[in-house]
Structure formats: C-alpha cells, structure tokens
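Encoded as structure tokens, the structure appears first; notes follow it.
The values are calculated or read from the model by the stated rules, or taken from the named source; none is laboratory data. Remember, predicted model here, so these are calculated numbers, not experimental data. As a convention, Cβ positions derive from the backbone with ideal geometry for all residues, glycine included, and neighbour counts pool all protein chains shown. The accessibility values were calculated without ligands, DNA or RNA, using every heavy atom of the protein model including side chains. Shrake-Rupley method; radii C 1.70, N 1.55, O 1.52, S 1.80 Å.
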Amino acid sequence: MLNDTNDDVAAAFLAELQRSFASNDGYAVGNLLSVANQRSEEFAFALTEYSDEEIEKWTSSFVAEPYDKFAKQYMMFLASPNTKKLEQFSSAFSLFTAVFKDEWQTLIVQTLCRQLYTVVAEQKQMGTTVEVGNIHVMIQTLLKSIIDDRGESKGDKRGAFLAVANTYFKICEKVNKMHMCKNILDQIIRQMEIPTSLAGRKIVDQLVRQFERLGLPIGQRVAFHYHVGKMEMLYQRFQTADAHLTFSFERCIRDLPHKRLILRNLVIVRMHLGRLPSRRLLEKYEIQPVLGELARCVRQPHFSGYEAALSRDRTLLFRWGCYSLLKDRFSLLMYRNLVFKVASLAETTQVPLDFVVTAAHFSGAIDATMTTVEGMAVALIDEGLIKGYLLHGRQLL
C-alpha cells in the first residue's frame, strides 16, 4: 500500500474512476483521464517509490474488472519518464480497446485518441524518433471492431469511428509518415463496403453518403475529408483531393483559422487543376500575401517572379507541407498558360515551338531552350493539360 504522504492524489483519482466506470459515465471517465494527464507530474512523484507489482496490487484494490488492467497501465503511463510515455500509453490504450463494447465508452475512446496525439507530439518535440508501427496495428484493430460490431454491444459505438481514424491521420502527418494513412483509408473503404472498382470522386461521394447514413458527427467528417484530401494532394491525385477538400471547406462551420487551414490546401490543389483563386477569396481568409503572388505569377505566367515568391516564403511553405509540390509542378502549369497565350496571339492552333521559347524568355525563364520546351510540351500532353500532339520534325505543337 502507498504511504500516507504519497497516496492522496492517486487514491482519489482511482476511487473516482471506479465510481464513473460503475455508473457507465463515459463523460466523467474521459474528464478524469484528461485532468490526470495534465497532473501527471503529481502522479509520477506519488508513485516514484513503488514497484510495478505494488502499483498493480494497489490499483486492483480500487478498480474492479474488467477495467483494473487498464487503470493499472494508465497509472504506469502517468508515472513513467518522458522517454517511456508513448510505450506505456499505447499499452493502456490497447487494454481499453479490449473492453470497448458499449456506446457510453465512445467518449472515453475519443479522450484517449486526443491524448495519444498529444503524447506523440510531445515525443516529437523532444526529438525522439516515433515509430508508428504498433499504433498502426492498434488503430486497424480498433476500427475493425467498431465497424464489424454485430450487436454484441449495448448501443452504437460507431461514434468513435472517425475520431480514431482522424487521430491516426494527425499522428502520421506529425511524424511525416503520411504514406501510412493509405492502408487505413483502404481499410475504411473496404469496411464501408464501397466497390473497389470505383475511383476518384465516386469514392468520395460514396464515403459522404455512408458517413451521412451512419449519422457520424459533422465535425469529425470535416476533419476526415481534410486529412484524406491532404494525403491525396501529396500523392498528386488532384481530382480526388479536390473532392475531399471541397466537402471539408464547404461543411466546416468552425472559425476562420480552421477554414483557412483547409482553403490553403484546396487553393493549391485547384491551381494544379488550372483553376486559379480570386484575390477577394484569398484576402477574406488572409492568405493573399503568400498564395496571391504565386497565383498571379502562374496566371501571367511569370517564371522569375514565381521563383522569387517561392524563395521568399520557403520556410512557411515547408511548414505547410506543400513547398515541394509548388516547386516541382507549377513550372508545367505556367508553360501551359504560356502556350495558350502564344496560340491566342498567333491566332493558330499549330504553335511554333520557337515562339514558345521566345515567350518563355520574355516571361523570366531565361534558361529555356528548345529541348526544355519540347519536354514540357510532351509532359503537358501526357498529363492531359493540353489536348494536341507534337510534330518533332517541324517543331510544332
């Protein structure tokens, strides 16, 4: 048993935790876990002198089955040093997953999801390498148990479904492992029984309808489509990304910063699709100073101005996670606009490539050569950004 000087904080927490579990009060349990996490230094001090066996015995004297193992592991998490917190918390989360049966427990799962992301963010901030493999397996198992529930639970625990998925997406983004989101998204599509023959916007439409049918919270749906839209953008599947981000932006009812976060990704996606934003829209959401100049240079096009604007805001765009996309892809879009302008001025559908080279020089691409322009023309045709063909011998597009 803990001594009288150290056990007050922990004993009060465990006693209240048991009362909340016994009364099936998910809100109270979630609140207790949140408060305890904020006061983890007090728990760490209170439990410093005791072994795992002593803590387990003491915890079981307060918390009854089936939550005793979870409570013990959560106490271990609170008492653990920073380097062990993610490992201990993941174990606690897995133990609660094993007893997650009823609707009232969804609030607890949502609280644990928020805490999981917080722990990962803290580990990242300390410079610790975060391995998400175990988290990936845990999330897969939890999502499967939620969707595959066939009436063994009391009530509907699907309210936790998107909270779990969104937490994993946020963690992957935090540790720069966005490619791992693809497996979870594929699992969700399978479990929603969406035909694998569908692709792009059709899959997005099916997901929207399925989430609507399940009555999942709109805030979680907005977050889900935002995260998936950003992932699709990084994979350069811009049509699909546009559908996800458009839903997220149009349905978001939060304040300006949240809509701005969605919009800056949506603007970049639509610029890739050749749809440039209005100055009024960018000014309304306070992203004109960064994206407005880039959009203007793409529209003109102005190659040297674009490079200057990109270089000026390089640090910010890296933080947004879109610098590479803006640097690698937009010269192609500027050549597309340049070809259209040359064709319009020449009043012909057969554009001499030397005209394009000259126009590129005037537009700031001073290093442009015939080889460069031919390569860009092939890429434009290949990606469907221009409908036409290249006459190499005659140097016509």
Of every hundred units of 1.4 Å-probe accessible area on the chain, the number belonging to carbon and sulfur atoms, as a percent, is 51 percent
With label points set 7 Å from each Cα along the Cα-to-Cβ direction at LYS341 and THR196, the distance between them in nm comes to 4.7 nm
Of the candidates TYR335, ILE287, THR348, the farthest towards the positive dipole end of the chain (Lys/Arg Cβ +1, Asp/Glu Cβ -1, centred on the Cα centre) is THR348
Of the residues VAL164, LEU78, ALA12, the Cα lying farthest along the dipole of the chain towards its positive end, which is defined by charges on the beta carbon of Lys, Arg, Asp and Glu, belongs to VAL164
Here region 56-208 gives, from Cα atoms, an Rg and Dmax in Å of 16.7, 55
Ratio for the chain, C-alpha Rg to 2.2 N^0.38 Å, reads 1.26
Heavy-atom accessible area of TYR117, protein chains in place, probe 1.4 angstrom, given in Å² to nearest 10, is 60 Å²
The pairs in LYS101/LYS182; LYS202/LYS284; LYS170/LYS259; LYS85/LYS170; LYS170/LYS284; LYS284/LYS341 lying past 25 Å Cα-Cα in this model are LYS101/LYS182; LYS202/LYS284; LYS170/LYS284; LYS284/LYS341
SASA check, LEU214, accessible area w/ 1.4 Å probe, all protein chains in place, rounded to nearest 10 Å², comes out at 30 Å²
Mean Cβ-within-10 Å packing, highest first, puts peptides 366-375, 299-308 in the order 299-308, 366-375
The distance between the Cα centres of region 188-226 and region 310-378, in whole Å, is 37 Å
Taking a ≥ b ≥ c as the square roots of the Cα gyration tensor eigenvalues, with a/c under 1.5 meaning rounded and otherwise prolate when a/b beats b/c or oblate if not, region 165-272 comes out rounded
As straight-line cross-link partners of LYS177, the qualifying lysines (C-alpha separation under 19 Å, not fewer than 8 residues apart within one chain) are LYS124, LYS230
Packing-ranked peptide list from 283-293, 382-392, highest mean Cβ count within 10 angstrom first, is 283-293, 382-392
Taking a probe of 1.4 Å and leaving out DNA, RNA and ligands, region 253-329 shows per residue an accessible area in Å² of 51 Å²
Taking r as the C-beta separation of ASN176 and SER51 and R0 as 30 Å, the FRET efficiency to the nearest 0.05 is 0.20
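Only four residue types carry charge here, +1 at the Cβ of Lys and Arg and -1 at the Cβ of Asp and Glu. Report the dipole size of the chain about the Cα centre in Debye, rounded to the nearest 20.
Working: 48 positive and 44 negative charges, 405 e Å.
With Lys and Arg at +1 and Asp and Glu at -1, about 1940 debye.
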Under a 1.4 Å probe, counting only protein heavy atoms, MET192 has an accessible area in Å², nearest 10, of 10 Å²
Quick calc: nm separation of the 7 Å Cα→Cβ label points for ARG299 and PHE362 -> 2.0 nm
Hydrophobic long helices for the chain, i.e. whole DSSP H runs reaching 30 angstrom or more by Cα along the axis with Kyte-Doolittle mean at least 0.5, come out as 323-346
Computed from the beta carbon distance with a Förster radius of 41 Å, FRET efficiency for ALA12 and ASN134 to the nearest 0.05 stands at 0.80
Averaged per residue, the 1.4 Å probe accessible area of region 84-232, protein heavy atoms only, in Å², is roughly 44 Å²
Extension length gain for THR348 and LEU316 (0.36 nm per residue less Cα distance), in nm, is 7.4 nm
